[in-house]
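For reference, the structure is listed below as C-alpha cells.
Derivation of every value follows stated rules applied to the coordinates shown; laboratory data play no part. None of these values were measured; they are calculated from a predicted model. Please note: Cβ atoms are built from the backbone with ideal geometry, for glycine as well, and neighbour counts cover all protein chains shown.
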C-alpha cells in the first residue's frame, strides 16, 4: 500500500519546519551571550536545536558565576531579544500551501514542539498558526522534552492517532530521535541541518513540494 493512502495524521515540529526561526533563536542567544561576555562558538546553537531554551541556558549556567548570571535571567533576556527579532522571521517556504492542502483533505494535524508556550504565543501573534492545527503540544505539556519521545507520545494519545497512519515532519537530530522513539515515521526537512545529520529519519526531503509528492499526490 502506498504511503499516501495510509496517512491520516501529520505532526509538525515548529522551528525549522513551520517557521524559519533557528537563525533568529541563534541570533538572540548570541546577542545575550555577547552582552555578558560569555564565550561560546556558534556551533553550540546547533547542539541544542529542538530542545527548550531553558535547557540551553542551564548548560551555559553550569559554567558561569551562578550568583552573577542566573540562567532564568539570561533566558528572560533572550526571550525579550527574540521578541524584537520576530519581524525578521519567515515561514518555511512551501509550508502554507502544504498545510492548506492537508487541511482540505481532512488529514488531522498537530504541532509538536519543545518551545515554550510563551515563545509560541509570540510567534502565533505574528503568523496566526494555532488555528491550523487540531492539537498543540508545547513545553508545558510534558515533563521531558525532545530528544525524549514524550511530546510525540502525548500527541498520539491526545489526538488520538496511530503510528501506522501518522508521519512526523522534523528538521533536527533531536526531533528525529524523539519521533522515532515514539514509533513514528519521520520525514526530515533539510532546512536546519545537512543530510548527513538527518540519516536516522525515515526519509529526507529538501522541500515541502517533495513531501507533497510523496504523501498527497
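List of remarks:
- Principal-axis tilt of helix 71-85 within the chain, Cα atoms, nearest 10 degrees: 60
- Site pair residue 190 and residue 73 shows an inter-label distance of 4.4 nm when each label is modelled 7 Å from Cα along Cα→Cβ.
- Treating each Cα of the stretch 8-88 as one equal point scatterer and applying the Debye formula with no solvent, the log10 of I(q)/I(0) at q = 0.27 Å⁻¹ comes out as -1.51.
- The helix-only estimate of mean residue ellipticity at 222 nm for the chain, built from DSSP H runs of length n ≥ 4 each weighted as -39500 (n - 2.57), is -12500 deg cm²/dmol after division by the residue total.
- For the options 186, 17, 55, a Gaussian network treatment of the chain with springs between C-alpha atoms closer than 10 Å singles out 55 as fluctuating the most.
- Using alpha-carbon coordinates, inclination of helix 22-35 to the longest axis of the chain, degrees: 10
- With contacts taken as Cα pairs under 8 Å at a separation of at least 6 residues, the stretch 104-217 carries a relative contact order of 18 percent.
- In the stretch 22-87, Cα pairs under 8 Å separated by at least six residues give a relative contact order of 45 percent.
- Every pair of different Cα atoms in the stretch 132-217 enters the Kirkwood calculation, which places the hydrodynamic radius at 13.3 Å.
- Each of 113, 21 has some number of other Cβ atoms within 10 Å of its Cβ, and from fewest to most they run 21, 113.
- Multiplying the residue separation of residue 158 and residue 43 by 0.36 nm and subtracting their alpha-carbon distance yields 37.8 nm.
- Full extension of the chain between residue 27 and residue 131 gives 34.6 nm of extra length, using 0.36 nm per residue less the Cα-Cα distance.
- Packing-based ranking of 43-54, 119-130 yields 43-54, 119-130, ordered from highest to lowest mean Cβ neighbour count within 10 Å.
- Relative contact order of the stretch 70-141, pairs being alpha-carbon contacts under 8 Å that are 6 or more residues apart, as %: 35
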